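Q: My questions will all concern the structure given below.
The values are calculated or read from the model by the stated rules, or taken from the named source; none is laboratory data. Worth saying up front: this structure is predicted, and the values here are computed from it rather than measured. Positions of Cβ are generated from backbone atoms using ideal geometry, with glycine treated the same way; all protein chains shown enter the neighbour counts.
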Amino acid sequence: MSKNEFDFIYKTFNCYAQNKGLEIHLFNIDWYNAIVGPKFFLNYPANTLACLVISQPSMFEKAFIPFIKNHWPSEDKFSLELEDKENEPIKSNSFPDPLDTCMKLVFNDMAKLLPDHEMDIIHDFDMTYMRRPKILMQTAGHVAGAVYMYRKEDLYTTAQRTDPAANSPEQVEDSWMEGKKIFPVCLHPQYGGWFALRGVIIFKGISCVSLEKPVPREILQSKEQIKELLELYNHHWKNNAFRDVITATEKYSTLQQKYFSTPPADRVQFLKCIINEC
């Protein structure tokens with residue numbers, strides 16, 4: 001595929017995405033498969049083109065609230081029927097999270113913009129029959145150059161990873177990690193932690209061997225900052241402090257933060273209040 005064809009796909013998706021508070025990044029599936037283990041391997045031909053979709057802070061007001069206002073039925077459960085790429089009905093009550101249902105509609109509408117291409121869609125909430133994520137979204141975000149994924153390994157030099165006793169000009173106190181699983185976390189260069197990795201659209205049959213691989217922008221300047229980020233994310237994620245380790249150009253609105261902090265069982269009533277502006 002030529003650069004002009006890549007540009008056409010990007011511009012077509014990006015125009016739609018911007019109106020929904022989303023951003024997109026094209027990437028080569030080989031970049032992802034080269035990092036993940038066999039359990040998370042995406043079984044597509046070499047150099048298959050994929051598109052990462054990220055929600056910006058404005059997605060809540062640009063996409064989710066309009067979706068709720070336009071499709072909220074008289075009863076407490078969604079009964080909206082969507083059509084997937086095979087034109088089979090999908091009951092939204094199969095997706096108990098209203099935001100998941102909204103994203104499914106958004107992704108399907110995006111795919112319809114390029115009807116000549118066959119695509120597979122993988123959402124961040126999609127699981128295998130073994131209850132394993134179908135894709136590691138943070139890894140996809142990193143290889144696509146959209147975000148930078150920080151891991152505990154980033155606290156050490158190459159020498160320290162093989163020899164913990166090796167000296168480093170910048171030592172960090174790491175006793176808080178002993179015996180604990182430390183999950184990685186991504187930062188966006190503009191939004192810090194105020195974003196979400198929503199899914200990937202895979203273009204079946206399109207080879208992107210000529211697509212230039214981006215280098216993810218390193219955002220934090222010191223190992224102490226990385227330590228702080230990992231500690232906040234792994235042990236204090238509910239207070240959102242990890243999202244503010246850098247100054248974001250835009251953050252979730254107060255309304256959006258209230259929604260995500262509301263227990264799932266109470267979100268139906270919360271959404272009714274949004275609709276009725278109570």
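Q: With 135, 182 as the choices, which residue is closer than 27 Å to residue 40 by Cβ and modelled with pLDDT under 95?
A: Working: 135 fails: modelled with pLDDT under 95.
The conditions single out 182.
Q: Could you tell me which numbered condition residue 50 fails, if it satisfies all but one of (1) within 17 Å of residue 214 (Cβ to Cβ); (2) in contact with a Lys or Arg (Cβ under 9 Å, 6 or more places away or on another chain)?
A: (2)
Q: So, in region 66-119, how many residues would count as being surrounded by 14 or more Cβ atoms within 10 Å (Cβ to Cβ), modelled with pLDDT under 50 and outside any strand (DSSP E or B)? Walk me through it before giving the result.
A: Start the filter on region 66-119 by keeping residues that are surrounded by 14 or more Cβ atoms within 10 Å (Cβ to Cβ), which leaves 67-68, 71-72, 78, 80, 82, 85, 90, 92, 95, 98-108, 110-111, 114, 117, 119.
Right, trim to modelled with pLDDT under 50 and you get 78, 80, 82, 85, 90, 92, 95.
Among the residues that remain, those that are also outside any strand (DSSP E or B) are: 78, 80, 85, 92, 95.
Qualifying residue count for the region: 5.
Q: Does any residue of region 15-25 turn out to be in contact with a Lys or Arg (Cβ under 6 Å, 6 or more places away or on another chain), within 25 Å of residue 248 (Cα to Cα), at pLDDT 95 or above and surrounded by 14 or more Cβ atoms within 10 Å (Cβ to Cβ)? Write out each step before concluding.
A: Of the residues in region 15-25, the ones in contact with a Lys or Arg (Cβ under 6 Å, 6 or more places away or on another chain) are 20-21.
After this cut, where a residue has to be within 25 Å of residue 248 (Cα to Cα) as well, the list is 20-21.
Still in the running and at pLDDT 95 or above: 20-21.
This time we only want the ones that are surrounded by 14 or more Cβ atoms within 10 Å (Cβ to Cβ), so: 20-21.
Checked region 15-25: at least one residue is in contact with a Lys or Arg (Cβ under 6 Å, 6 or more places away or on another chain), within 25 Å of residue 248 (Cα to Cα), at pLDDT 95 or above and surrounded by 14 or more Cβ atoms within 10 Å (Cβ to Cβ).
Q: Within region 144-155, does at least one residue satisfy the condition of being on the phi > 0 side of the Ramachandran plot, surrounded by 12 or more Cβ atoms within 10 Å (Cβ to Cβ), touching a Pro at 6+ places or on another chain (Cβ under 8 Å) and modelled with pLDDT of 50 or more? Before you say what the answer is, go through the steps one by one.
A: We begin by selecting, within region 144-155, every residue on the phi > 0 side of the Ramachandran plot; these are 145.
Going one step further and asking which of them are surrounded by 12 or more Cβ atoms within 10 Å (Cβ to Cβ), we end up with 145.
Going one step further and asking which of them are touching a Pro at 6+ places or on another chain (Cβ under 8 Å), we end up with 145.
Remaining after also requiring modelled with pLDDT of 50 or more: 145.
Scanning region 144-155, I find at least one residue that is on the phi > 0 side of the Ramachandran plot, surrounded by 12 or more Cβ atoms within 10 Å (Cβ to Cβ), touching a Pro at 6+ places or on another chain (Cβ under 8 Å) and modelled with pLDDT of 50 or more, so the answer is yes.
Q: When region 124-140 is examined, which residues are found to be closer than 20 Å to residue 54 by Cβ and assigned to a strand (DSSP E or B)? It would help to see each step written out before you state the result.
A: Filtering region 124-140 for residues closer than 20 Å to residue 54 by Cβ gives 124-126, 133-140.
Within region 124-140, 133 is the sole residue that qualifies.
Q: What are the residues in region 252-267 that are aromatic (Phe, Trp, Tyr) and part of a helix (DSSP H, G or I), if any?
A: Taking region 252-267 as the starting set, the residues that turn out to be aromatic (Phe, Trp, Tyr) are 252, 259-260.
Correct list: 259, 260.
Q: Follow-up question, since we're still on this one. Residues of region 100-157 being of a type in the set (Val, Ile, Thr) and over 15 Å from the mean Cα position of the chain (by Cα), which ones? If you could, list the steps in order and put the result at the bottom.
A: Step one: list which residues in region 100-157 are of a type in the set (Val, Ile, Thr), which gives 101, 106, 121-122, 128, 135, 139, 143, 147, 157.
The answer is 101, 128, 157.
Q: Turning to a different aspect of this structure: Considering region 30-49 alone, what residues qualify as being assigned to a loop (DSSP other than H, G, I, E, B), among the polar types (S, T, N, Q) and touching a strand residue (DSSP E or B) at 6+ places or on another chain (Cβ under 7 Å)? Spell out how you get there, then give the answer.
A: Keep residues of region 30-49 that are assigned to a loop (DSSP other than H, G, I, E, B), which gives 34-37, 41-47.
Those left that are additionally among the polar types (S, T, N, Q): 43, 47.
The answer is 47, and nothing else.
Q: For region 220-238, give me the residue count where each residue is outside any helix (DSSP H, G or I) and either surrounded by fewer than 17 Cβ atoms within 10 Å (Cβ to Cβ) or touching a Gly at 6+ places or on another chain (Cβ under 8 Å) (or both).
A: Total meeting the criteria: 3.
Q: Ok, one more. Among the residues of region 251-268 satisfying the criterion of being of a type in the set (A, V, I, L, M, F, W, C) and closer than 14 Å to residue 98 by Cα, which is modelled with the highest pLDDT?
A: 260
Q: Please specify each residue of region 200-217 satisfying the condition of being in a loop (DSSP other than H, G, I, E, B) and under 15 Å from residue 42 (Cβ atoms). Walk me through how you get there before you give the answer.
A: Pass one, region 200-217, residues in a loop (DSSP other than H, G, I, E, B): 208-217.
Once the filter is applied, which keeps residues that are in a loop (DSSP other than H, G, I, E, B) and under 15 Å from residue 42 (Cβ atoms), region 200-217 yields only 208.
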